[in-house]
Amino acid sequence: MAETSATAAPNPGVWPCLGYRDAEAALRFLTGVFGFEERAVYRSADGTRIEHAELRWPEGGGLMFGSTNAGERGADGAVLYVVTVDPDAVHERAVAAGATVQLAPYDADYGSRNVTIADPEGASWTFGTYTGS
């Protein structure tokens, strides 16, 4: 299990949950490219599956995911929004990692700076400065 960050936000009240065909690759991508922090990872006894993983976004919020079963749909088709003060930094890390940028950084009409990036299994992640109304 990963250590808790000194700047950890309180536990979220809503947890988006995703299933990945290759959850180990998703874990590496979500932490190494997007910048999520690993909080807990529980693997199967034989080590071939992630049964449950919890990641935290340093600016608040969290995500749960795990391995899908054979024949189950993965994260493709999921659409997520993550608040960040610096979407351009997320974009730079994604480009450096060879990720698919679906929408390059742009300024939205409602005042948010956004970028949308696909994870390795096709989920669309928008990182933006809009915090809600």
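The values are calculated or read from the model by the stated rules, or taken from the named source; none is laboratory data. All of these numbers come straight from a predicted model, not from anything done at the bench. Cβ placement follows ideal geometry from the backbone for every residue including glycine, while neighbour counts extend to all protein chains displayed.
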Per the filter on segment 38-76, residues modelled with pLDDT under 95 and within 11 Å of residue 19 (Cβ to Cβ) are 68, 69, 72, 73, 74, 75, 76
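For segment 106-124, which residues satisfy the criterion of being assigned to a loop (DSSP other than H, G, I, E, B) and over 23 Å from residue 14 (Cβ atoms)? Can you show your working first?
Narrowing segment 106-124 to residues assigned to a loop (DSSP other than H, G, I, E, B): 108-112, 119-123.
Selection gives 109, 111, 120.
Would you mention how many residues in segment 106-124 are farther than 15 Å from residue 32 by Cα and either crowded, with 21+ Cβ neighbours inside 10 Å or among the hydrophobic types (A, V, I, L, M, F, W, C) (or both)? Please lay out each step first, then the result.
Going residue by residue through segment 106-124, those that are farther than 15 Å from residue 32 by Cα are 106-116, 121-124.
If we keep only those that are either crowded, with 21+ Cβ neighbours inside 10 Å or among the hydrophobic types (A, V, I, L, M, F, W, C) (or both) too, we end up with 108, 115-116, 121, 123.
Total satisfying the criteria: 5.
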Inside segment 21-44, the number of residues satisfying the requirement of being under 14 Å from the mean Cα position of the chain (by Cα) and assigned to a strand (DSSP E or B) is 3
Residue 103: passes all of (1) surrounded by 15 or more Cβ atoms within 10 Å (Cβ to Cβ); (2) without any contact (Cβ under 8 Å) to a residue 40 or more places away in the chain; (3) in a strand (DSSP E or B) but (1)
Those residues of segment 45-70 which are surrounded by fewer than 18 Cβ atoms within 10 Å (Cβ to Cβ), of a type in the set (Gly, Ala, Ser) and either assigned to a strand (DSSP E or B) or without any contact (Cβ under 8 Å) to a residue 12 or more places away in the chain (or both) amount to 45, 47, 70
Restricting segment 71-87 to residues that are within 25 Å of residue 115 (Cα to Cα) and among the small types (Gly, Ala, Ser), the one surrounded by the most Cβ atoms within 10 Å (Cβ to Cβ) turns out to be 75
Pairs returned, first residue in segment 25-40 that is loosely packed, with under 15 Cβ neighbours inside 10 Å, second residue that is assigned to a helix (DSSP H, G or I), beta-carbon separation under 9 angstrom, 6 or more apart or interchain, are 32/93
Across (1) on the phi < 0 side of the Ramachandran plot; (2) modelled with pLDDT of 95 or more, residue 98 clears everything bar (1)
### Message
With the structure loaded, tell me whether residue 85 is in a loop (DSSP other than H, G, I, E, B), among the hydrophobic types (A, V, I, L, M, F, W, C) and more than 13 Å from the chain's Cα centre (by Cα) or whether it fails that test.
### Response
yes
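Being assigned to a loop (DSSP other than H, G, I, E, B), out of contact with any Pro (no Cβ under 8 Å at 6 or more places or on another chain), touching a residue at least 24 places away in the same chain (Cβ under 8 Å) and among the basic types (Lys, Arg): is that true of residue 73 here? Write out each step before concluding.
Numbers: assigned to a loop (DSSP other than H, G, I, E, B): yes; out of contact with any Pro (no Cβ under 8 Å at 6 or more places or on another chain): yes; touching a residue at least 24 places away in the same chain (Cβ under 8 Å): yes; among the basic types (Lys, Arg): yes.
Yes.
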